[in-house]
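The structure appears below as structure tokens.
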Amino acid sequence: MKRKHPLRRMMIAVAGTTSAVALLLTLKQPGTSVAGASSQAGGAPPAASAPAGSGAVPAGGETVLGEEADTQFGPVQVELTLSDGRITAARAVKVPSTDANSRKIAADAVPKLNQAALAAQSAGIDAVSGATYTSEGYIRSLQSALDKAGAGEGTGQGTPDGGNGGAPGGDGTGGEPGTGTGTGTGTGEGSSSGEGSSSGEGSSSGEGSAEAESVLGDVAGTQYGDVQVRLTVSGGRITAAEAVRTPDSDANSRKIAANAVPKLNQAVLTAQSAGIDAVSGATYTSEGYIRSLQSALDKAGL
């Protein structure tokens, strides 16, 4: 055992020397590897993300913001994107949000109104059931956006809820002609610029005052408040009907008027006369509406 011990120690020494040499060779290699990593770090960055303008409106597109339209539960404001004279996108940038119920109603109604605007390519859209105030505010702001874009000529004709009544003769008046659409706030709205813009409607009409005439019927008193109807007549036909005053003596009267007036407006456009039926549950409002309607027809010679 003692004879073999020196040899064993020599073998261990040789093995240690070999390991040391291998280690030194290994340490020299990373110099190249580190340089390569440094080169990568300082090299060109990854491909840039999509250009900032990649999601912009296509060439020829235009974004137009309508005027704010106040409602009983908060303002509504519509923004449109138009391309080649067509509405390519509609969105509400402001909606009623005074309480949780208003927000819930708006969340349900606005997508439907946006879709309706795209389909109709005008403000001649129906109010969403259960969202009368939001719908009327939306339609008024939508009309003003179309007017600003120069795409508002005649867009209000045949609007079932009267939200754009008078628009065919008042393209330059923004959404004001629709401020008396039976929301139940008729007396306040009736005295606002919607009423006062009658003369302006003729002068700013894109169709010419000779072709469209705005006629205001007499005020018809009812047990719950006054009703007053305004018609727009063109070529001997009624192209729009709206109530600029509606009963508003209490919350129930306003609710009834808000439900009944759009139906009465539509009935007038269909009948082209005062021979329309009263709306069920709104007898007084309907009778006042028909009386004022008849006086407007008389004044228009229809």
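The values are calculated or read from the model by the stated rules, or taken from the named source; none is laboratory data. Values in this document were obtained by computation on a predicted structure and should not be read as measured data. In this analysis, Cβ positions are derived from the backbone assuming ideal geometry, glycine residues included, and neighbour counts consider all displayed protein chains. Heads up: the accessible areas ignore ligands, DNA and RNA and are worked out on the full protein's heavy atoms, side chains in. Shrake-Rupley method; radii C 1.70, N 1.55, O 1.52, S 1.80 Å.
Considering every residue within the range 245-252, establish whether at least one is open to solvent by less than 10 Å² (accessible area, probe 1.4 Å), assigned to a helix (DSSP H, G or I) and not basic (Lys, Arg). Looking for residues that are open to solvent by less than 10 Å² (accessible area, probe 1.4 Å), assigned to a helix (DSSP H, G or I) and not basic (Lys, Arg), one finds none in the range 245-252, hence no. ARG140 meets the conditions (1) buried (at least 24 other Cβ atoms within 10 Å of the Cβ); (2) over 13 Å from the mean Cα position of the chain (by Cα); (3) among the basic types (Lys, Arg) in every case but one. The failed one is (2). When you scan the range 270-285, do you find a residue that is touching a Phe, Trp or Tyr at 6+ places or on another chain (Cβ under 8 Å), in contact (Cβ under 8 Å) with a residue 24 or more places away in the chain and either surrounded by fewer than 24 Cβ atoms within 10 Å (Cβ to Cβ) or part of a loop (DSSP other than H, G, I, E, B) (or both), even just one? Within the range 270-285, one or more residues are touching a Phe, Trp or Tyr at 6+ places or on another chain (Cβ under 8 Å), in contact (Cβ under 8 Å) with a residue 24 or more places away in the chain and either surrounded by fewer than 24 Cβ atoms within 10 Å (Cβ to Cβ) or part of a loop (DSSP other than H, G, I, E, B) (or both).
Taking the numbered list (1) out of contact with any strand residue (DSSP E or B) (no Cβ under 8 Å at 6 or more places or on another chain); (2) in contact (Cβ under 8 Å) with a residue 24 or more places away in the chain in turn, LYS104 passes all entries but (2). Could you please find all residues in the range 79-99 being among the hydrophobic types (A, V, I, L, M, F, W, C) and open to solvent by 70 Å² or more (accessible area, probe 1.4 Å)? Scanning the range 79-99 gives a single hit, VAL93. Which residue is modelled with the highest pLDDT, if the candidates are limited to the range 208-235 and must be more than 29 Å from THR283 (Cα to Cα) and open to solvent by less than 60 Å² (accessible area, probe 1.4 Å)? Within the range 208-235, the match that is modelled with the highest pLDDT is SER234.
If you go through the range 70-119 and keep only what is of a type in the set (S, T, N, Q) and touching a helix residue (DSSP H, G or I) at 6+ places or on another chain (Cβ under 6 Å), you end up with THR71, GLN72, GLN77, SER97. A single entry from LYS104, LYS148, LYS112 fulfils the requirement of being in a helix (DSSP H, G or I) and either over 27 Å from VAL244 (Cβ atoms) or among the aromatic types (Phe, Trp, Tyr) (or both): LYS104. If only residues of the range 101-111 that are open to solvent by 70 Å² or more (accessible area, probe 1.4 Å) and of a type outside the set (Lys, Arg) are counted, the one that is nearest to THR63 (Cα to Cα) is PRO111.
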